[in-house]
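Remarks on the structure that follows.
The values are calculated or read from the model by the stated rules, or taken from the named source; none is laboratory data. What you see is a predicted model; the values in this text were computed from it and never measured. As a convention, Cβ positions derive from the backbone with ideal geometry for all residues, glycine included, and neighbour counts pool all protein chains shown. With ligands, DNA and RNA removed, areas are computed over all heavy atoms of the protein, side chains included. Shrake-Rupley method; radii C 1.70, N 1.55, O 1.52, S 1.80 Å.
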Amino acid sequence: MPFKTIEEAGDLSGKRALVRVDWNVPIENGEVRDDFRIKQSQKTISFLKEKGAKVILITHLEPETLSVEPLRKYLPEGVELLENLRQNPGEKENSPEFAKELAEKGDVYVNEAFSASHRKHASIIGVPKLLPSFAGLQFAEEVQQLSKAFAPAHPFLFILGGAKFETKIPLIKNFIDSADSIFVGGALAHNFFKEQGVDIKQSLVSEGEFELSSLIQSGKIMLPADPLWKDEKIKDAGPETIALLETKIKDSKFILWNGPLGNYEEGFKEGTLAVAKLLSECNAEVIVGGADTLAAIKELNLFDSFSFVSTGGGAMLDFLANKTLPGIEALG
Ligand code: 3PG
């Protein structure tokens, strides 16, 4: 690992540990709707407390006007939580003054916010320049587990869905050699259909030149076989697609999944839920992540049925694309 973890931090007794967590969780009417990220950071908090450190948590929340008040019920005794970092513009600007202000609150810095570590913000890359810095336990596990995708067992199936084609196409290009198959679902598939000359009518596409023909020619790209349409738009993948994926999943030894197969937010969830279920039951090593992907897993109560569930959305994708993140580099 290119960093030290808190297990290598030495004597922490009496020290103030400034811990960057990512408790940017959905909050509605003052209530936390999904506490997965909060739970995943508890092992680091317990570890530091057991070592006699005084734990001070820092997190951002979106929208940036939100207060951390609804998060306080998750605090063990003696653990402090500072106000939403993004209420200070210095956080996003990575201002040296704000980094210094934060660093003065701790004797050591811990990054337990893998899912925010693609951001070059003060609490991610500024503070570790100023304090002895360590990775939290979940952070280290994220790096270790996601790195398996760089030396995967075969057959390796990569399932990539969702939208934001321009952020995901680099991933497809990165993995086209090492993956045995890449299933492209969700709105991402529409650009491939268009490239193949399929009439996608009003379906969402990303504009730009993405050089998809060589990817298609590799023979490794799988697209939805029976897209489901509504109002001239593709909205989900149908049962034939799921049956084809089922065969692939059964044949695979390593599977990486990020992103829904349909327009999840509008309620077109069936394809995504079916894949979540198939993956939870298969024998392959399965690593999953991404906001809508996790929403499907939560809906089916399947959190314990995968080899690893990443807390990262954008951070997971950036790590897979670049093999590192600004927050990892800052700990080095
Ligand atoms: C996330 O929710 O993906 C992380 O907390 C990062 O949040 P951001 O996209 O607002 O930086």
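Points worth noting:
- If you plug the beta carbon distance of SER178 and GLU50 into 1/(1 + (r/R0)^6) with R0 = 35 Å, you get a FRET efficiency near 0.30.
- Label-point separation in nm, THR65 to LYS120, each point 7 Å along Cα→Cβ: 2.9
- Once you reduce the stretch 87-138 and the stretch 288-332 to the center of their Cα atoms, the two points are 20 Å from each other.
- Sorted peptide list for 251-259, 113-121, criterion being average Cβ within 10 angstrom, highest first: 113-121, 251-259
- Surface share of carbon and sulfur [accessible, 1.4 angstrom probe, percent] for the chain: 47
- With all protein chains kept in place, the per residue accessible area of the chain amounts to 44 square angstrom at a probe of 1.4 angstrom.
- Of the peptides 51-57, 69-75, the order by per-residue mean of other Cβ atoms within 10 Å, starting with the highest, comes out as 51-57, 69-75.
- Test item: Cα-centred dipole of the stretch 109-216, Lys/Arg +1 and Asp/Glu -1 on Cβ, debye: 320
- Where only DSSP H runs of four or more residues are counted, the chain gives -9000 deg cm²/dmol as its mean residue ellipticity at 222 nm, each run worth -39500 (n - 2.57).
- Annotation: for a label point projected 7 angstrom from Cα along Cα→Cβ of ASP231, no residues of the stretch 160-200 have a backbone N closer than 11 Å.
- Spin-label pair GLU240-ASP11: with each label point 7 Å from Cα along the Cα-Cβ axis, the two points sit 7.0 nm from one another.
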